Structures are given as structure tokens and as C-alpha cells.
Amino acid sequence: MRRHKELLTGAGLLCAGLFYGYVLIPLGLRLRCPFRLVTGLRCPGCGITDLCLGLLHGRFVPAYNWGLVLAAPGILWLMWSHWRRPDSAKGATWTVVGLLLAWGVLRNLWGI
């Protein structure tokens, strides 16, 4: 029953993302990063919308956010291992979170 709820949640998020990417953004309704609005700095996730839209349109341009491109295999592995055994992925999850936070700091220092 739990996996069924997780799959429905994932499908709903995917549909919401596709609606955002194919309907709202072309209409000019684009969400702004709240972290960037408040601080003026780029968060670790800044550029993920453009990266996902590029992939949906068949363009692989990882210059939008190198940190997420490089972390994607680890994130996918964590999602898979958490789905199969929820108690086994906690340490690796915090490692990925730490690496993405470090990426957020480095990208602002280097101006990426």
C-alpha cells in the first residue's frame, strides 16, 4: 500500500512538472527561486528547470547546473534504494545533501 502511494505521488509530481514546463512557462508564468530572491545568490538547484526543459526537448546542455548533472546518478540510486529498503539509504542521503550544499557554496564563489 505504501509503494502504491509513493508511485501515485511520483506520477502526480511528474504530471505537475510537465504541465509547468509545457503550459505555464510558455505562457510566461515562471517561478523564481526564493533563495535567489532573498539573498541574490544561486542555490544548489538554480538552473534545474532549464536543465529539465532542455532534456524534455532533446537538448542535453549540462551547463545549466553541473552539480545536479554530476549528482543525478547518485540521486537516482538513492531513490531506488530507498524505494526498495527505506532504512538503508540514510547515510548516503546525507552524503548527497552535503555534496549539493558544497556545490551551492562553490558555484557562488566561482561565479558558475
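One table, with the values for the structure above:
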quantity: Debye, to nearest 20: dipole size of the chain, +1 on Lys, Arg Cβ, -1 on Asp, Glu Cβ; calculated: 160 debye
quantity: Mean accessible surface per residue for the chain, computed with a 1.4 Å probe while every protein chain stays in place, in Å²; calculated: 74 Å²
quantity: Over the chain, equivalent-ellipsoid semi-axes from the Cα gyration tensor in Å; calculated: 25, 21, 13
quantity: Chymotrypsin sites (Phe, Trp or Tyr not before Pro) within the range 19-60, DSSP loop, no more than 14 other Cβ atoms inside 10 Å; calculated: Phe60
quantity: Contour excess over end-to-end distance, with Cα ends at Trp77 and Leu24 and 0.36 nm allotted per residue; calculated: 16.0 nm
quantity: Within the chain, longest stretch clear of exposed trypsin sites (Lys or Arg not before Pro) (DSSP loop, no more than 15 other Cβ within 10 Å); calculated: 60-112
quantity: Rounded percent of accessible protein surface that carbon and sulfur make up, the chain, 1.4 Å probe; calculated: 72 percent
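The values are calculated or read from the model by the stated rules, or taken from the named source; none is laboratory data. What you are looking at is a predicted structure, and each value in this text was computed from that prediction instead of being measured. Every residue, glycine as well, gets a Cβ built from its backbone with ideal geometry; the counts of neighbours run over all protein chains shown. The protein model used for the area step is the full one, side chains on, heavy atoms only, and it has no ligands, DNA or RNA in it. Shrake-Rupley method; radii C 1.70, N 1.55, O 1.52, S 1.80 Å.
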